[in-house]
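A short write-up of the structure that comes next.
The values are calculated or read from the model by the stated rules, or taken from the named source; none is laboratory data. Model, not experiment: these values are computed from the prediction. Cβ sites come from the backbone with ideal geometry, for glycine too, and all protein chains shown count toward neighbours. Calculation scope for accessible area: heavy atoms of the full protein, side chains included, ligands and nucleic acids excluded. Shrake-Rupley method; radii C 1.70, N 1.55, O 1.52, S 1.80 Å.
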Amino acid sequence: MAERTTVDLLIEGGVVITMDGERCIYDPGCVAISDGKIVAVDSRGSAFSAKERIDASEMVVLPGLVNSHNHLDQCLYRSCFGEPDPGGSFWEMALGLTRERARAGASLSLLELAHYGVTTTQESHFTHHHLDSTDGVIDAVLESGMRAVIGRGFSDGEPMYAPMREPLADALQDLDRLEREYESDRIRIDSEASKALRCTPEAVVAMYEWAVERGKPWHMHLGHHKEELDDALSRVGMGTAQYADSLGVLGPELLAVHCTRSGLLDEEIRLLGERGVRIAHCPDQALRLGNQPPPIWELEELGALVVIGVDGSNSNNGQNIWEAMKLAVYLQRSLTGDRYLGTAEQALEMTTLKAARALNLADRVGSLEPGKEADVALLRRDQLHLVPDAMLVSNLVYSGVSTQADTVLVGGKMILRNGKSTVFDEHEVVAKAREAQAGMIAEAGYGDILGPSSRWPVVRS
């Protein structure tokens, strides 16, 4: 009898969706883990002896999901400014985002992401009235045990809310500081120009050059909505993608956020493809703002890489990446009138291995393969909305708007077990987020206009 290999952890008996090059599914299968890395993925659990085992016989086993765009602190503005505004603004409330409040908000978003099986997220942080608010977000990431690509946002242009503008030299200095203090195997610091027209041309180029010199991608919101397109045509005589191209920065190094059909000229669709741009599509946010989504598969045929993000809870209300997958496909069908356009498998690719490619992390995460980080999500197959489960991938994407993970590992360490966080005190996270929001509402003077409803009378005792 052959000697069995000893591993730290063996996940066995579940349906293992590897997202490897052949998209192989083992039913049942096992994932063997040692020293935080995946040792083997196959159907032969008996080939291993393990210090610890997880019985996944009622589970589907996936690579930890990768969210390509977010604003982690923005759960603190959840629902405050999503409909006809009762008064006040996001920007005035954001003046109160201290380091501790940013940590409180980011902790809640990260906890919510983990419950949906996300192990890696992008972060776009651009409200720096308190310069160390970025540090607060990173504090939360460090505590969460998750991976994050932190886009340190920046704006110095006239359309930006004046108290949030920064001198370019200060932003570059802060980027260097954040990279020096925090970059690790779980956190990467990237540069970000918040929007092309919120920055001077010199600043857009500087954010691009900072990234390229380090072999990193950089980030920018682009083609956000029709109002932005109209503003660009009025101010610079072209669309925002054309404007970025005129500055020499539109290329495969860019992760462009949104790129909605409403925010782009027809000729910019082809331009994005020709330049090989990476695009983070946020379908919930597009719907909320009344925007047409980008034509995903047209863009990909032209040469772009399109992936899915949840965006921040200020413009989405939640962190449910399964909902975003479903909407991404359904919106394409609505846009084109083709009832069969797109598949559940394509949606899952956009939140696993393709999203990892978009964040320059495909050699480490995004699939279950030997040598990769042991970032794994286990979801119970007997959740009511997922049964019967003959067509499991389709169920996950199209039925999974409330799908919750049972167990989540990052680098082989459990951050969620039996549906509960192993790193956060969940009650404390909720309490601190509520406290942070209440303080920001009070300091902005919005206590009389932000409440249970902006339209119905509220009787308080």
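Quick notes on this structure:
- Scan of the stretch 419-457 for residues that are assigned to a loop (DSSP other than H, G, I, E, B), open to solvent by 70 Å² or more (accessible area, probe 1.4 Å) and farther than 19 Å from Ala148 by Cα, ordered by number: Asp425, Asp448, Pro452, Arg455, Trp456, Pro457
- For the stretch 306-317, the set of residues classified as open to solvent by less than 10 Å² (accessible area, probe 1.4 Å) and on the phi < 0 side of the Ramachandran plot consists of Val306, Val307, Ile308, Gly309, Val310, Gly312, Ser313, listed by residue number.
- Complete set of residues in the stretch 343-366 that are in contact (Cβ under 8 Å) with a residue 12 or more places away in the chain, under 24 Å from Leu254 (Cβ atoms) and in a loop (DSSP other than H, G, I, E, B): Met350, Thr351, Thr352, Leu359, Asn360, Leu361, Val365, Gly366
- Taken together, Leu386, Leu416 contain a single residue that is free of Cβ contacts under 8 Å to residues at least 40 places away in the same chain, in contact with a strand residue (DSSP E or B) (Cβ under 9 Å, 6 or more places away or on another chain) and open to solvent by less than 10 Å² (accessible area, probe 1.4 Å), which is Leu386.
- Among (1) surrounded by fewer than 16 Cβ atoms within 10 Å (Cβ to Cβ); (2) touching a residue at least 60 places away in the same chain (Cβ under 8 Å); (3) basic (Lys, Arg) - the single one Lys372 does not satisfy: (1)
- Taking the conditions (1) in contact (Cβ under 8 Å) with a residue 24 or more places away in the chain; (2) within 27 Å of the chain's Cα centre (by Cα); (3) more than 30 Å from Phe126 (Cβ to Cβ) in turn, Cys24 satisfies each one other than (1).
- Checked against (1) closer than 24 Å to Ala405 by Cβ; (2) in contact (Cβ under 8 Å) with a residue 40 or more places away in the chain; (3) in contact with an Asp or Glu (Cβ under 7 Å, 6 or more places away or on another chain), Arg99 passes all but condition (1).
- Contacts under 7 angstrom Cβ, first residue in the stretch 126-152 being over 18 Å from Asp425 (Cβ atoms) and in contact (Cβ under 8 Å) with a residue 24 or more places away in the chain, partner open to solvent by 10 Å² or more (accessible area, probe 1.4 Å) and among the polar types (S, T, N, Q), 6 or more apart: His130/Thr98; Ser133/Thr98
For (1) open to solvent by less than 10 Å² (accessible area, probe 1.4 Å); (2) farther than 22 Å from Met325 by Cα, each residue gets a yes or a no:
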residue	(1), (2)
Gly21	no, no
Pro28	no, yes
Ser43	no, yes
Pro63	yes, no
His69	yes, no
Leu76	yes, yes
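- Per-region count, the stretch 306-342, residues assigned to a loop (DSSP other than H, G, I, E, B) and either of a type outside the set (Asp, Glu) or farther than 21 Å from Val401 by Cβ (or both): 17
- Scanning the stretch 169-186 for residues that are of a type in the set (Ser, Thr, Tyr) and assigned to a helix (DSSP H, G or I) returns a single hit, Tyr182.
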